[in-house]
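For reference, the structure discussed in these notes is given below.
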Amino acid sequence: MKGRENPAEDALILLRSRICNPNFVFTPFSDSPDSNYSKLKFIISSSVTEACNNSILLLGPRGSGKTAVLELVIRDLLAEHADMISVIRLNGLLHSDDNCAVKEIARQLCVEHQLLFSKMASFDDNSQFMIAMLRECGLAHKTIIFVLDEFDFFTQGKQRLLYSLLDAMQSVTSQAVVIGVSCRLDADQLLEKRVRSRFSHRKVLFLPPSKEDLQRLLEHIFSLPVDTSLPNDYAVEFNMKLHHILADERFKEIINTLLNSDSTVKHLLRFLFYAVCHMDLESGFLSLDNFRTAMSSIQRQPKMEYLQDCSILELYILVCMKRLEVKEQNSYNFNSVMKEYKGIHDAYQTSDYYARNVCLRAFEHLVQRELICFMDNRGNNQSIEFRAVKLLISSHELYQGLKSYRSCPVILRKLVDQ
Amino acid sequence: MAETPQKSFHSPRKAHKPSPSTPIIPQTPQTVTPSRSSRQVSSPDPSDLRRSSRRSSLQFLEPEKRSSKATKYVKKGERSKLPVTPDVSEARKRKSPDEGNVVTRARVSRNAGLMRKKRVYYKKVVYDGGEFAVGDDVYVKRRENASSDDEELQVEELFETSAEGGSRRGLDMPVCEARKLGKEVVLPKPPKGKKRKRTAREKLLSSDLWTAHIENIWKEVDGTYWFRGRWYIIPEETAAGRQSHNLRRELYRTNDFADIEMESIIRLCYVMSPKEFTKANNEGDDIFLCEYEYDIHWHSFKRLAEIDNGEEGNEEADNDVDWDYGKDSGSDTEEDMEYEEENVNNLPSGPSPAHAVAANSWKGRIFGLKKIGTKKIPGHVRCHKQTELERAKATLLLATLPKSLPCRTKEMEEITAFIKGAICNDQCLGRCLYIHGVPGTGKTMSVLSVMRNLRSEVDAGSIKPYCFVDINGLKLASPENIYRVIYEALSGHRVGWKKALHLLNERFADESKIAKEEIRPCILLIDELDLLVTRNQSVLYNILDWPTKPHSKLIVIGIANTMDLPEKLLPRISSRMGIQRLCFGPYNYQQLQEIISSRLKGIDAFERQAIEFASRKVAAISGDARRALEICRRAAELADYHIKKLTSPPDSSSEDGTLPLFLASQTGLHFVEKYYPLVPKATVSSLDGSIFLCFPGKALVGMAEVEAAIQEMFQAPQIQVMKSSSKLSKIFLVAMVHELYQTGMAETTFEKLSVTVSCLCTSNGEKFPGWDTLLRVGCKLGECRIILCEAGAKHRLQKLQLNFPSDDVAFALKDDKELPWLAKYL
């Protein structure tokens, strides 16, 4: 390898590419028999080798690695059975319309088998083509894997696509797997009763990794390989320091607070990416501080930060709105806010009194930042002053924000305290 | 141009075969399909102008085509580098072909008007002492010096070398052959140097003979008998060569056709499907096995479809014929033939311009499907020996057609009686039957099996022929499309739905139309009938109105789920449909049990209680047979998974039936008991700390697996997700339940909830994470539909509601190790 001066740069690139590569991240989970990888692989490969038609749902929260594991399984199966599998990928967000989905299936089947595709073909043509292909591929011992991402979107409407797919899978010669990927746990309840009866209800549930798995995952991602282009002693030292960090209680504390809010793999990976980016290239090693900075940058409180950026006038408006709510005035608009603002100014003789058009600008600014919002979407033709508005942050948040706002007028804090 | 091929045709055979002189030749039925011809005309073929022009001429000059096709016989000979000589001598030796007597006349009626002195098609012909029928398989002479070949079979001759060759072939039999076909008799090897008669089979397998499948038989104008043959080839002749799993007597059916004179037939042989082959008890020498079709152009294999050899098969064959004309018509001169071969070789690399029709359009479908096929038959399909569990899984598949349909005999009798009553009646008054029942109770299957039985009765001749149209409402793009589909099924023409409606009205409703007697009764099966309900319900009305017309001869069978569908419709429709109804009730547990056990007959994979458990559970929930079968299959899959995964790491041992089990782990013994309860001779021996268990490779599916399968099918996984979710989500959920208990209102807003959360956190020493984080947690839960919530942009005004009963949350989080204080609030 042409020696870059700093092996830390190579290490950084390696770590980053690892974190961004889902295939790499999910490989350590693949060997144990309890893992979703082997369960899924077993089901799909039994379809390939024994011609069992199956339909499977992959369920789990977003970011728990459903698609990543599925891709891993498909990759491995494609390597094992070279030209016996064709994969058709659909996404509910794009192809929830049956007509369009069937056309897309026909297109992908054509591409897969180097056939000519016509855009002009009708729904009937395409669905007949699909069923005929299922049959012929079954006769030729070829399996078709249908991956339906965002499965819940396919359950809108009459579900013709699902019905004809699942119905075709009941014929003798077809050899196909339908894999639905969804984050909705009740996805199978959305199926129409006829479709549900034909669905074979395999479910693979993706849960956040356990503590031990997490530890293994961290080591898997971070430990540098000893016998590659990286200098040997550097890698050894890196791994040793890393080991110390991973064993450190403070590090565990950080990871725990991170996972308290969201324990999915994706969230963890995003955090690790931040941490790796903060790695000090001078020393070339990861330190606990990197993780701390990453933690603070990943746990941001957008509404609070907005408050910090507000001008004094905007704060006045927010406080006025809050006071109106305290007075149990349910519906208010810019004019009633202005009345309140004027009342405050008259009562306390504050130095910050601005003209009405300035206030209107500040008001619009708040709307744009979604700290306040209009009650209804309908009155678009009404002028802003008369549309009813609502405060979008709670009084606690406002209070917190004012407290941490450096140059906040005392009067405002007092007003909120009341 | 049309005549040139005749003249340039200089193979000696031409002298023997008189060229037909009649100018107007009737088109044979198989070339009539208009779509084909239009395709042929439109398809551009820049590669060979001669060919394309000839092709178009072919449609009009039938005999010429025939003759050019006839050279196929010769061509094959040429391919094997042998000169072609006329087989006049042989013809002399044989009896005059005129003696062949006609047993059945087929197709004559259709062509009766035009057929005067033209070809006559037969179904069965007695020729040269043998009886040949359409659909038989025959040996065909390969070499031109047929006389010597002929003698070969009669006179014992010294064929030392080739006999040896044959036996040598016998030696390199594939390993799996013996296993798969224990019954195959290996012929005793003759002592070397002795005189030996080589059987036709051996000659075939050493490619000195051919076999072909008779598709058509006809008598030419000059009185010679011809047949259209579909070649079989031996594995050695395929591109992939003989594969290790090929059986000794295996043949492949090709899509290569040829017109062959009946003279060249040697005798009948029998090519069977694997099922027939294993059952065949006539242990003759002329039995072959054919499981796959070989595409000579793409060099790919495809399994033969098992069921559809009815009218669909015919149609398919016709299409194939046309397709071959497109490709082979230019093969009557030698140069052309070379070109042809070259062209064929080029084909797999990419679709030739002649096929520039999109595969997914209606016209192009046949091309596309032709191309599908494996280059090599995967070994595991043939050689893999199924375990009991795998066999159980295979027979429990929904796709597997059961041998018998238990529990629906009464309903099936009723359907049969209904249809027979409707057809056999001289009047053939149209009628409607409405079948309803929840999904998975065998409605469609019963009707289809009744139709199958009826078809065999039609074949036997006890009932008049009828046509059967099967439509699924959910597979139609729109309800109106049904007219089009019906019309296409009845007439084979594609028209728009309005036109189709008009034509159908003409056919069914118009009384003035003549020749009503010729129309066959038509049975229309409409599955998922409820999908045809349009706003003004005109589609249903039209369809159900036709049967009431006097000469319609239409019988409609509608299938749907709801019992009261007719009542929901307009009265004029329900009065037409609702008279005769048949209800398919949900299966009870005994019936489900019978259905499962009848499928599992002869497979020892399930405990009896397990089946009973599954069927009781399903009967209690839905009575859906599909569900019951799926549960059992899933249970078998789980058991299979456990066996394969937990024992596979040292996989060397799985061969000899010993599965090493690591009993050192705590689950081990339990595992043995659970999965192998009925192992009679389980011997346990200890070896290096791990314990090996030897048993005859048997595992039963028990209650545990069925339970797991039922859980998976019927339970939403929310409890597991709640249990494993993050700490904050748990607190969030508990706060929701708490809020629910306190206010009694199911719906709450984010603002109220976050106050509750912060209360819970502060009183139990947790750090309150901040509102924005909490909002994110709530939205995550909303994504999984554990709670129902509005968009996160509404922030504190966001409305929240639990999607599952609060008891589920209580059950999941009551004894949480991470947060023991949660139990207080539940």
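The values are calculated or read from the model by the stated rules, or taken from the named source; none is laboratory data. From a predicted model like this one, the values you see are computed outputs, not experimental measurements. Cβ: placed from backbone, ideal geometry, glycine included. Neighbour counts: every protein chain shown. Keep in mind that these areas ignore ligands, DNA and RNA; they rest on the heavy atoms of the full protein, side chains included. Shrake-Rupley method; radii C 1.70, N 1.55, O 1.52, S 1.80 Å.
Tabulated values for the structure
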read-out	value
Cα-based Kirkwood hydrodynamic radius, the stretch A:304-417, one decimal, Å	14.2 Å
Most to least packed among B:212-218, B:493-499 [average Cβ atoms within 10 Å]	B:212-218, B:493-499
Rounded to 10°, Cα long-axis angle of helix A:334-348 versus longest principal axis of chain A	40 degrees
Per-peptide average of other Cβ atoms within 10 Å, ordering B:785-794, A:132-141 highest first	A:132-141, B:785-794
Links that overshoot a 20 Å alpha carbon limit, given the list A:LYS39/B:LYS393; B:LYS124/B:LYS464; B:LYS767/B:LYS824; B:LYS203/B:LYS279; A:LYS303/A:LYS327	B:LYS124/B:LYS464; B:LYS203/B:LYS279; A:LYS303/A:LYS327
Sequence-distant residues sharing a close amide H with A:MET169 (under 5 Å, placed H)	none
Whole-number accessible area per residue in Å² for the stretch B:409-586, which is evaluated in the context of all protein chains at 1.4 Å	45 Å²
Nearest 10 degrees, 0 to 90: helix A:288-298 Cα axis against chain A principal axis	80 degrees
Distance from the stretch B:699-778 to the stretch B:544-592 (C-alpha centre basis), Å	47 Å
Given B:LYS118/B:LYS371; B:LYS370/B:LYS475; A:LYS142/B:LYS645; A:LYS158/B:LYS302, the pairs whose alpha carbons are separated by over 30 Å	B:LYS118/B:LYS371; A:LYS158/B:LYS302
Largest to smallest principal axis extent of the C-alpha atoms in the stretch B:716-824, angstrom	34, 33, 25
The stretch A:260-351: C-alpha gyration tensor shape, a/c 1.5 cut-off, then a/b vs b/c	prolate
Debye intensity ratio in log₁₀ form over the Cα atoms of the stretch A:83-216, taken at each q of 0.16 Å⁻¹	-0.81
Built amide H within the under 5 Å cut-off of A:VAL87, gap 5+	A:ILE145
Förster-model FRET efficiency, 35 Å R0, B:LYS410 and B:ASP459, C-beta, rounded to 0.05	0.85
Cβ neighbours within 10 Å from other chains - mean over B:396-403	5
Summed buried accessible area for A+B [probe radius 1.4 Å, Å², rounded to 100]	8100 Å²
Net +/- balance of residues flanking A:SER197 in space, Cβ distance below 14 Å, scoring K and R +1, D and E -1	0
J(HN,Hα) series, the stretch A:106-123, from Karplus relation 6.51 cos²θ - 1.76 cosθ + 1.60, nearest Hz, glycine and proline x	4, 4, 5, 5, 5, 4, 4, 9, 6, 10, 7, 10, 10, 6, 7, 4, 7, 4
Test item: A:118-126 mean partner chain Cβ contacts at 10 Å	6
Nearest-ten-degree value, helix A:395-404 long axis tilted from longest Cα axis of chain A	70 degrees
Of all accessible heavy-atom area on the stretch B:716-824, the percent that carbon and sulfur account for (1.4 Å)	55 percent
The stretch A:31-205, accessible surface, carbon-and-sulfur percent (1.4 angstrom probe)	52 percent
Cα convex hull of the stretch A:6-115 - mean projected area over all directions, nm²	10.0 nm²
Alpha carbon centroid spacing (whole Å) that separates the stretch A:267-295 from the stretch A:217-257	12 Å
Kirkwood Rh (inverse of mean 1/r, distinct Cα pairs), chain A, angstrom	26.4 Å
The stretch B:409-586 - convex hull of the alpha-carbon atoms, volume per residue in Å³	115 Å³
Rounded accessible area per residue of the stretch A:304-417, 1.4 Å, Å²	53 Å²
Expected-Rg normalisation [2.2 N^0.38 Å, Cα atoms] applied to the stretch A:210-299	1.07
Per-residue HN-Hα couplings for the stretch A:8-15 [Karplus 6.51, -1.76, 1.60; θ = phi - 60°; Hz; x = Gly/Pro]	4, 5, 4, 4, 4, 4, 4, 5
Cβ crowding within 10 Å averaged over residues, with B:219-230, B:388-399 ranked highest first	B:388-399, B:219-230
Shielding by partners, peptide A:136-147 (average Cβ within 10 angstrom, other chains)	5
